[in-house]
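Derivation of every value follows stated rules applied to the coordinates shown; laboratory data play no part. Please read all numbers here as calculations on a predicted model, not as lab measurements. No Cβ is skipped: glycine too gets one built from the backbone with ideal geometry, and neighbour counts run over all protein chains shown.
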Amino acid sequence: MNSNAAPAPTIDPQEQLRRWRLILGGEGADGTGLALSGADLEMDRVLGELYDAEEGKGLQSRNRSSKGGTEGSRPRVARWLGDIRKYFPSTVVRVMQKDALDRLKLQEMLTEPEMLEAVEPDVHLVANLIALNSILPAKTKETARLVVRRVVDELIRKLEEPIRSAVSGALNRAERNLRPRIAEMDWPRTIQANLKHWQPEHQTIVPEKRIGFGRKKQRTQRQIILCIDQSGSMAASVVYSSICGAVLASLPSVKTHLVVFDTSVVDLTDQLDDPVELLFGTQLGGGTDINRAVGYCQSLITDPANTILVLISDLIEGGVEQNLLRRTSDLVESGVQFLALLALSDEGSPCYDHELAAKMGALGVPSFACTPDLFPDLMASAIKREDINSWAAKHEVVTTRGDSRR
């Protein structure tokens, strides 16, 4: 132990009691011996309206004067949305908004423009707006698009440069140059290729064979197909995948396709230039036919050896599993680099079909979850045809390992 290490900060006992009181909720001192007042009392109220809802005290309860509908509760929800932004940081606000939607089914938060304007926009909010797209009132749709645009623009700012840099660099390095200039030399490959020319007396290697990074080319070098499951559990993945697909589509050396599916298949490639329109073109929820979707993607492939197919799905198949496995085997044998992302989101381990993931892994298709910040590096590794299982281990990503045939 480092004796010079700074001691852990201590928390005042009264502050500890205050925090416990806010966590526990309830009435009065609630066993802590501490009664709240001022701003703390207001924070306790807004927390209670969400998390004490099962006791009939929450946002879900309506004014007794209401004759059905949600009219009586709407002012309460609007006030509550303003209060949580007043008392909590945006990261906590987003969690509370998501809990309100999940626990209390407060879809009215997203169907009135004035309420929608008060909500803190994030990926989960976008996913909910997409899911409700078909029932949003006309007066709300324009506000919804503005909210989605804010989130999309923020995500593009965050992801565009990492994806461009990683993919463009990987494409340059994936091409071998056997007559490189000094600045283009790939020294690790060159040394490995010339180990047999080691000169002990000079303690050096004679680089008889020189290997360099490929020079930039204007032609398409890779075909990337993102095949995205639209089932409800994949909502955040649909948002992130659409953003990543739009960035990839802007790269001249990559031909990008974006396909979404439930029991039917929709090709949204022609909307990649506008991620907002693309997102509103999806329809979250419904069944799942992975076999049909993979079959459609198979029909798009023109150069298997230079194609990367990324299936983004929880692998809960509603179609014919045996046909899916047969297609998977055919794709891998043809030279397609086939990956299965169980989720592309900020959350932890997803719920997925372990048995199907294992079967696809045995055919050479690794399955794992990936956060958006790791996606650029994943695509770079796939372009360079590195062992994806090794990539997953390096980044401590849990993967269903299969035999790697790359």
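Observations
- Three-way shape label, segment 259-324, alpha-carbon gyration tensor, a/c 1.5: oblate
- Unsatisfied cross-links (Cα-Cα over 27 Å) in the set LYS105/LYS158; LYS98/LYS141; LYS98/LYS139; LYS255/LYS384; LYS105/LYS139; LYS98/LYS384: LYS105/LYS158; LYS98/LYS384
- R0 of 22 Å, Cβ-Cβ distance SER134-ASP270: FRET efficiency to nearest 0.05: 0.55
- Residue-count net charge about VAL265 - beta-carbon cut-off 15 Å; Lys, Arg +1, Asp, Glu -1: -4
- Among 142-155, 295-308, the peptide with the highest mean count of other Cβ atoms within 10 Å heads the list, and the full ranking is 142-155, 295-308.
- Gain on full extension, evaluated as 0.36 nm per residue between ALA39 and ASP52 minus their Cα-Cα distance, stands at 2.8 nm.
- Once both labels are positioned 7 Å from their Cα atoms along Cα-to-Cβ, the gap between ARG150 and GLU277 label points is 2.4 nm.
- Pairwise FRET efficiency - GLU15 versus GLU355, Cβ, R0 = 35 Å, nearest 0.05: 0.10
- Long-range amide H partners of THR263 with built H, under 5 Å: GLY287, ASP289
- Alpha carbon centroid spacing (whole Å) that separates segment 312-386 from segment 110-168: 27 Å
- Estimated FRET transfer efficiency (GLN203, SER165; beta-carbon r; R0 41 Å; 0.05): 0.65
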